[in-house]
Structures are given as structure tokens and as C-alpha cells.
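Heads up: the structure comes next, in C-alpha cells.
The values are calculated or read from the model by the stated rules, or taken from the named source; none is laboratory data. Since the model is a prediction, treat every value here as computed from it, not as a measurement. As a convention, Cβ positions derive from the backbone with ideal geometry for all residues, glycine included, and neighbour counts pool all protein chains shown.
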Amino acid sequence: MEEIAKPRELLAVRTSAEVLFGLLRDWFDVAGVVSLDLRGIDSAVSELGDPQLIMAMAMRKLQALHLLTTPGVRTTTDVVLTLIQDLERALLQAPSMHLKSAAADIDWDAELAALDVDDASQAPPAPGRSTDEVEVFRRHHQALHEAARAVLHASEGQIRTLI
């Protein structure tokens with residue numbers, strides 16, 4: 001199999017994997033160790049709907065991507081592209097799931113009462129930490145897309161060894 005150098009966009013994803021991993025851990029309060037129920041084929045039914053487990057599995061894939069984007073670690077284009085594709089659904093859903101969870105924890109009565117005090121004299125609220133984090137998340141998620149395109153371009157759509 002022909003060998004090609006890892007595109008710089010793929011190497012840059014190493015940092016994005018770290019950032020996304022940390023944000024998922026913080027947003028979904030994922031434990032340091034997560035166990036999987038492998039007793040039977042149907043034993044995962046309830047687990048697969050649990051946001052913490054979904055994000056834990058995405059975090060595991062980010063760990064794998066982090067490893068594969070390490071200079072000197074050999075991999076193949078199909079493995080990298082499949083891994084990025086596997087991450088896509090969880091990464092697309094993560095910001096909205098996080099914001100919905102954060103919104104559920106807000107005391108809306110208190111927030112609405114604060115708005116009634118004097119709407120005219122208040123400046124628009126500054127973006128909160130969650131809003132800023134979502135923007136950071138989206139930027140690093142986009143980096144995965146850029147890396148996938150760079151891998152496809154560098155490999156001319158063929159399976160190649162990345163070095």
C-alpha cells in the first residue's frame with residue numbers, strides 16, 4: 001500500500017481531539033472510567049439512550065483519533081475517515097444536548113423576574129460561558145471535517161498508509 005505523509009490538517013486535529021474530549025467530559029459529567037454491559041445482545045438497549053454513555057463512547061473515539069494523529073503512528077486513510085465519521089453524530093448532537101441540559105438547570109422564574117426589574121436600562125446580556133464553549137466546540141468539530149477532506153485529497157480517494 002502506498003505511503004503518504006499525514007496532512008497538516010490531520011496533525012492539527014490532535015489538539016482538537018483534546019479540546020473536544022475535555023468539553024464532552026465537562027458538559028456531560030462523564031466519569032473517568034465507564035463500564036459497558038456486554039452480557040447479551042440486548043443488554044445495551046437502555047445504555048445506548050444515555051447521553052453520558054453516548055458521549056463516553058465518543059470520548060473513546062477521540063482518544064483513538066488523538067493517537068492516530070500522533071506523528072510517527074502509522075494508520076490508514078480508511079481508518080481515519082471511518083473514525084471521524086463515527087464521531088459525527090455524537091459531535092453534531094453534543095452542543096444542543098448540553099444547552100438543553102443547562103437550560104433545564106436554570107431557575108427561569110428568577111431569570112424572568114430579573115428581566116422585569118427594568119428592561120430598558122439593562123444592556124443585552126453578554127454571551128455566557130456555555131455560548132463561548134459551544135463556539136469553541138464547533139470550531140474544533142469543524143477541524144475534523146477539514147482533516148477528513150485533506151486526507152481524501154492527499155490520498156486521491158484511495159486507501160493509503162498515513163505516516
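Write out, first by first residue and then by second, each pair whose Cβ atoms fall under 6 Å of each other, whose residues are 6+ apart or on separate chains, and whose first residue, in the stretch 150-163, is surrounded by 14 or more Cβ atoms within 10 Å (Cβ to Cβ) while the second is among the charged types (D, E, K, R) and assigned to a helix (DSSP H, G or I).
Qualifying pairs under 6 Å: Ala150/Glu9.
Table: residues versus (1) under 23 Å from Pro95 (Cα atoms); (2) assigned to a loop (DSSP other than H, G, I, E, B); (3) in contact (Cβ under 8 Å) with a residue 40 or more places away in the chain.
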{"site": "Lys6", "(1), (2), (3)": "no, yes, yes"}
{"site": "Val30", "(1), (2), (3)": "yes, yes, no"}
{"site": "Val34", "(1), (2), (3)": "yes, yes, no"}
{"site": "Ala56", "(1), (2), (3)": "yes, no, no"}
{"site": "Lys61", "(1), (2), (3)": "yes, no, no"}
{"site": "Asp78", "(1), (2), (3)": "no, no, yes"}
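Tell me which residues, restricted to the stretch 1-52, are touching an Asp or Glu at 6+ places or on another chain (Cβ under 7 Å), at pLDDT 95 or above and of a type in the set (D, E, K, R).
Scanning the stretch 1-52 gives a single hit, Glu9.
What's the number of the condition Thr82 fails, among (1) in a helix (DSSP H, G or I); (2) of a type in the set (Ser, Thr, Tyr); (3) closer than 18 Å to Glu18 by Cα?
(3)
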